[in-house]
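K.L.:
The structure is given below, and queries will be raised subsequently.
The values are calculated or read from the model by the stated rules, or taken from the named source; none is laboratory data. For clarity, every value in this text was computed on a predicted model and none was experimentally measured. Using ideal geometry, Cβ is built from the backbone for each residue, glycine included, and neighbour counts are taken over all protein chains shown.
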Amino acid sequence: MNENTANKTLRIFLTEFDEGLFGYDVQILSDAATVGDYLDAINAFQTDTMADCIGCDGCCHERVPLTIADFCFSRYYQQDNGDKLAVWLAEVADLQFFGEAVDLQIKHKPNGACYLLDEERKCCSAHLHRTFACRTHCCLPRSERADALRGVIINSAEDDLVRRLLLELAADGKSDFIEGESRLQAANPDDYINAFANRPPQDWAQTPLIELTDGELWQELLKD
Ligand code: SF4
Ligand code: SF4
């Protein structure tokens, strides 16, 4: 069995779902497992197991949710020392609503491609600054619990980005990250609180997975 145990708090491993159908699964080994451990393990699994994506841009035409981690990965934060979510989002984000829920996703070109995709070379033009969703996407089927864990991390980290944006906008007397718009006037930051709120934004990786998952999913993730 091909698996990665780069850290001892969780394992990500190749498994056979049905005859000849391989995918990956995740098992939690310790209550101390964090979002950063998850990212490290999936990166190591990709390095050990997956072919690279050269010549394919299949998933760079899909919706890519933005998260608080992506602000910290961004060129704006890392190189320009920027500290305003609104300034960064004005450059990188499309705003949508699912019902009343705010959805921040990466900007797309009119043809549906991510705005960072180099369409000629079929590769990411900002590999070092790509999103958490891009970093944790493996071109393999995943188990139900692996899918649920990735979903809960990304959704929670997106909610934390929305919450921090709404607080920043309120402090600056604004209701949108685009000048002259007010699309976020009705949104309430309290609706987006989760465990990512318990530490400064740059410490997102230290968020314990146990604080993001409900009891049922956690029990599933602990199973052998
Ligand atoms: S993850 Fe898969 S679909 Fe996406 S670019 Fe790589 S090979 Fe293509
Ligand atoms: S950020 Fe890069 S890897 Fe992610 S969807 Fe855009 S082009 Fe693709």
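K.L.:
Go through (1) under 17 Å from Arg150 (Cα atoms); (2) out of contact with any Gly (no Cβ under 7 Å at 6 or more places or on another chain); (3) not basic (Lys, Arg) one by one and return the number of the condition Gln206 breaks.
P.N.:
For Gln206, the exception is condition (2).
K.L.:
Given (1) at pLDDT 95 or above; (2) within 16 Å of ligand 2 (Cβ to nearest atom); (3) out of contact with any Cys (no Cβ under 7 Å at 6 or more places or on another chain), where does Arg130 come up short, assuming only one miss?
P.N.:
(3)
K.L.:
Mind checking whether some residue in the stretch 72-90 is away from ligand 1 (no atom under 16 Å from the Cβ) and at positive phi? Step through it out loud before you land on a result.
P.N.:
Our first condition is that a residue be away from ligand 1 (no atom under 16 Å from the Cβ); within the stretch 72-90, this holds for 72-90.
The next check asks that each one be at positive phi; those that pass are 81.
Yes, the conditions are met somewhere in the stretch 72-90.
K.L.:
Still on this structure, please answer the following. With the requirement that a residue be among the acidic types (Asp, Glu) and near ligand 2 (Cβ under 9 Å from one of its atoms), what does the stretch 102-127 give you? Can you show your working first?
P.N.:
Within the stretch 102-127, the subset among the acidic types (Asp, Glu) is 103, 118-120.
Asp118, the sole residue that qualifies.
K.L.:
Identify the residue in the stretch 39-65 that is in a loop (DSSP other than H, G, I, E, B) and near ligand 2 (Cβ under 10 Å from one of its atoms) and, among all such residues, is nearest to the chain's Cα centre (by Cα). Step through it out loud before you land on a result.
P.N.:
To start, the set of residues in the stretch 39-65 that are in a loop (DSSP other than H, G, I, E, B) comprises 50-57, 62-64.
From the residues that got through so far, the ones that are near ligand 2 (Cβ under 10 Å from one of its atoms) too are 53, 57, 62-64.
Values: Cys53: 19, Asp57: 18, Glu62: 14, Arg63: 12, Val64: 8 Å.
Within the stretch 39-65, the match that is nearest to the chain's Cα centre (by Cα) is Val64.
K.L.:
Scan Glu3, Glu91 and give me the residue that is more than 16 Å from the chain's Cα centre (by Cα), more than 27 Å from Glu120 (Cβ to Cβ) and either among the acidic types (Asp, Glu) or at pLDDT below 95 (or both). Spell out how you get there, then give the answer.
P.N.:
On the way: Glu91 fails: more than 27 Å from Glu120 (Cβ to Cβ).
When all the criteria are applied, what remains is Glu3.
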